[in-house]
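Report on the structure given below.
The values are calculated or read from the model by the stated rules, or taken from the named source; none is laboratory data. Because the structure is predicted, anything quoted here is derived from the model rather than measured. Cβ sites come from the backbone with ideal geometry, for glycine too, and all protein chains shown count toward neighbours. Just so you know, the surface numbers come from the protein's heavy atoms only, side chains and all, with ligands and any DNA or RNA stripped out. Shrake-Rupley method; radii C 1.70, N 1.55, O 1.52, S 1.80 Å.
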Amino acid sequence: MLTLGIETSCDETSCAVLDGRDRILSNIIASSLFKHKPFGGVVPEIASRHSLEQIDTVYRESLSEAGVGAEQLELIAVTEGPGLIGSLFVGICFAKALSFSLRLPLVGVNHLEAHLAANFIGAKMPEKFIGLLISGGHTSLSLHEGEKVSLLGQTIDDAVGEAFDKVAKVMGLEYPGGPVIEKLAREGNEQAFQFTKPKQSGPFDFSFSGIKTAVLYEVRKTMSSPDGSLREPRPRPSGERRNLDCGLRRNDAQTVCHSGERRNPLPPAFVRDMAASFQKSVADWILDKSLAALAETGARDLVVGGGVSANGYLKGRLKTAAEEAGVCVHFPERILALDNAAMIARRGIELVESGAPSSDPLRMTAQPNLSLLSR
Ligand code: KG4
Ligand code: ZN
């Protein structure tokens, strides 16, 4: 079955063509990330406008690279949610119009399910597995048995990707924080800072707001310390003090404030050690909970999905732990770990082949808060 996948849930605009479940013929991604960097996070209005500008080109490019004509397509799969409402609407409206004009069945896909499904493109899907979702907006552990999904636990505050982004921000680093922290952590001492393990309500729940605040306090301490290379922020003429979140951005060697006034950056060794210690603690917690979920349910496979699954350190730690525990851990290829339309097409095919009815194009709408259990 030749399936067109469409993904526009956040800052990526992507179209892909899959031949059957396993052959990716094209997977085109246009990112608006460069437009959000100056703001230190995704600006929804900029993301949806960018998708609107790019979607037609990305669609045409995906057909051209696949060597497929629109008339050969057999199914359209589009992200219904969760995500930013404006961005979701761009993909959904485009998919509806194509479905209507080409007389093709349309299937709505849950972005979170698709992140996990990305692991099975070209690989066998286990009957029973633990899903570990670690993205910018979600963190959860779930048990999957065929199409039956049970949520075991989730974050009670920040998502893990969000914690990477916020910790990077308080240290004046670029958005998105995940890749920057991973890079700096390679040179840092992961034992330099110890963080208290958070206490959650459920055994498989997560919490990342405590560690984020702990990093913020350490940063403040270092900025005001006589030994740190950063001075205590000077009072503004009005007497009002700037806080850490005043829009600090790292600009190579120096850090620049809104006013354009230059300040010395945090000591580079502090930033590297903090990045390494933060990443280690987060990996420890994810690892503990994932192994406990496998032990509790008797599942033998851990399937990881979401942008944070691109983290090489976490991947290494989970692989070693899985080997020791005699279980399998699955990670998507890097290009399939971040938001992309191939995973949407794959999940769409799975749904159709498992007998899920195609969606009514007139009724389908964006579902910004869709959860893993919304079917
Ligand atoms: O799944 P994704 O592309 O978008 C959402 O659906 O949220 O995930 C984006 C998140 C961002 O928070 C980003 O910082 C994080 O994934 N991320 C990483 C890495 N690459 C991306 N986090 C840690 N290490 C990485 N290498
Ligand atoms: Zn995602």
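Here are the numbers for the structure shown:
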{"item": "Helix axis angle, 44-66 relative to the chain longest principal axis, alpha carbon, degrees", "result": "50 degrees"}
{"item": "Long-range amide H partners of G131 with built H, under 5 Å", "result": "S142, L143, H144, V303"}
{"item": "Listed pairs K148/K315; K169/K197; K169/K221; K197/K315; K166/K280; K128/K280 exceeding 18 Å between Cα atoms", "result": "K148/K315; K169/K197; K197/K315; K128/K280"}
{"item": "Difference of contour (0.36 nm per residue) and Cα-Cα distance, I85 to R220", "result": "45.0 nm"}
{"item": "Distance between modelled label sites at L151 and F100, nm, 7 Å Cα→Cβ extension", "result": "3.4 nm"}
{"item": "Sequence of T57, T155, T13 when ordered by accessible area, the most exposed leading, probe 1.4 angstrom", "result": "T57, T155, T13"}
{"item": "For region 101-118, 3J(HN,Hα) per residue [Karplus equation, 6.51 cos²θ - 1.76 cosθ + 1.60, θ = phi - 60°, Hz, x = Gly/Pro]", "result": "6, 9, 6, 10, x, 10, 10, x, 10, 7, 4, 5, 4, 5, 4, 6, 4, 4"}
{"item": "Neighbour net charge for H50 - beta-carbon separation under 15 angstrom, K R +1, D E -1", "result": "-4"}
{"item": "Over the chain: Kirkwood hydrodynamic radius from C-alpha pairwise inverse distances, Å", "result": "21.7 Å"}
{"item": "Sites matching trypsin sites (Lys or Arg not before Pro) across region 88-155 that sit in DSSP coil, with at most 14 neighbouring C-beta atoms within 10 Å", "result": "R103, K124"}
{"item": "Among 191-203, 170-182, 20-32, the order from most to least packed when residues are scored by Cβ within 10 Å on average", "result": "170-182, 20-32, 191-203"}
{"item": "Residue-level accessible surface for Y217, protein heavy atoms, 1.4 Å, Å²", "result": "140 Å²"}
{"item": "Local electrostatic count, E296, Cβ distance below 15 Å [Lys/Arg +1, Asp/Glu -1]", "result": "-1"}
{"item": "Solvent-accessible area of L151 with every protein chain in place, 1.4 Å probe, in Å² to the nearest 10", "result": "60 Å²"}
{"item": "Helix axis angle, 342-353 relative to the chain longest principal axis, alpha carbon, degrees", "result": "40 degrees"}
{"item": "Global form of region 90-161, assessed from the alpha-carbon gyration tensor, a/c cut-off 1.5", "result": "oblate"}
{"item": "Calculated FRET value between L362 and E61, using beta carbons and R₀ = 22 Å, to 0.05", "result": "0.20"}
{"item": "Percent accessible area from carbon and sulfur atoms, the chain, protein chains only, probe 1.4 Å", "result": "52 percent"}
{"item": "For L2, solvent-accessible area (1.4 Å; no DNA, RNA or ligand), Å²", "result": "20 Å²"}
{"item": "Accessible area per residue, Å², the chain with all protein chains present, probe 1.4 Å", "result": "45 Å²"}
{"item": "Using θ = phi - 60° and Karplus 6.51 cos²θ - 1.76 cosθ + 1.60, couplings along region 74-81 (whole Hz; Gly, Pro as x)", "result": "10, 8, 10, 10, 9, 5, 8, x"}
{"item": "Whole-Å distance, taken between Cα centres, linking region 171-203 and region 273-322", "result": "13 Å"}
{"item": "Within the chain, percent of DSSP bridges classed antiparallel, to nearest 5", "result": "65 percent"}
{"item": "Rel. contact order, % - alpha carbon contacts under 8 angstrom, at least six apart, region 118-192", "result": "19 percent"}
{"item": "Two-site label geometry, Q191 and K124: point separation in nm, points 7 Å out along Cα→Cβ", "result": "4.2 nm"}
{"item": "Between region 11-61 and region 351-375, the alpha-carbon center distance in angstrom", "result": "21 Å"}
{"item": "Cβ-derived FRET efficiency at R0 35 Å, L33 paired with E74, nearest 0.05", "result": "0.60"}
